[in-house]
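Working notes, structure below.
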Amino acid sequence: MPNTDVIPANVLSLDAARRVADAAVAAAHAQGISVCIAVCDTSGEPIITVRMDGAPRLCAGVALNKAYTVASFNGMPTHAWWPLLADDPALVHSFTETPRLVVFAGGVPVRVDGAVVGAVGVSGGSSEQDRAIAEAGVESLGGS
């Protein structure tokens with residue numbers, strides 16, 4: 001009989017987090033921009049962070065908060081938030097006051113075999129650029 005007092009969880013390894021970050025850096029270079037990248041575990045704690053040369057310092061915290069937002073809501077990407085909130089003024093004015101919640105693109109989950117094992121956040125470009133760079137990082141794991 002399985003132990004119901006413990007919930008097993010898979011978490012992204014440091015080596016995998018490095019591959020995600022390296023692929024995101026390469027994608028940012030390809031777009032000609034400097035960004036900050038945060039790769040987190042499933043609790044939203046950073047595994048690795050990167051601030052590319054020339055990336056604004058403020059973006060480091062934003063990238064980390066994007067990854068934290070994704071991890072904290074079981075893999076919901078940050079670009080999915082605004083469509084859920086936009087038409088409900090009560091949610092817009094209250095929920096967006098939640099510390100560390102980011103409601104614009106650039107945070108995506110890292111999944112392996114369908115399970116969330118981490119999250120990546122990118123900040124420094126437009127929302128669309130940040131999202132594309134984060135997704136390029138995740139894609140480096142080969143179909144995650």
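A short reminder: the numbers here are calculations on the coordinates, not readings from a lab. Bear in mind that the values here come from a model prediction, so they are computed numbers and not experimental data. Cβ sites come from the backbone with ideal geometry, for glycine too, and all protein chains shown count toward neighbours.
Here are the numbers for the structure shown:
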| quantity | calculated |
| --- | --- |
| Of V103, V120, V92, the one that fluctuates the most in a GNM where the chain has Cα springs shorter than 10 Å | V92 |
| Cut-off under 5 Å, modelled amide H: who pairs with V102 long-range | T69 |
| Per-residue HN-Hα couplings for region 128-136 [Karplus 6.51, -1.76, 1.60; θ = phi - 60°; Hz; x = Gly/Pro] | 5, 5, 4, 4, 4, 5, 4, 5, 4 |
| Karplus-derived HN-Hα couplings along region 106-115 (A = 6.51, B = -1.76, C = 1.60, θ = phi - 60°), whole Hz, x at Gly and Pro | x, x, 9, x, 9, 10, 10, 6, x, 9 |
| Given charges at beta-carbon only (K, R positive; D, E negative), |dipole| of the chain in Debye | 280 |
| Isolated Cys in the chain, by beta carbon distance under 4.7 Å | C40 |
| Sparse-neighbour loop sites [trypsin sites (Lys or Arg not before Pro); region 1-97; at most 11 other C-beta within 10 Å; DSSP] | R57 |
| Leading residue at positive end of dipole, region 14-139 (Cβ point charges), from V25, P109, A55 | A55 |
| Nonlocal amide H pairs with I47, under 5 Å, H built at 1.01 Å | V39, C40, D41 |
| Per-residue Cβ neighbour rank within 10 angstrom, fewest leading, L64, L14 | L14, L64 |
| Listed residues P2, L14, T98: farthest to the positive end of the dipole of the chain (Cβ charges) | L14 |
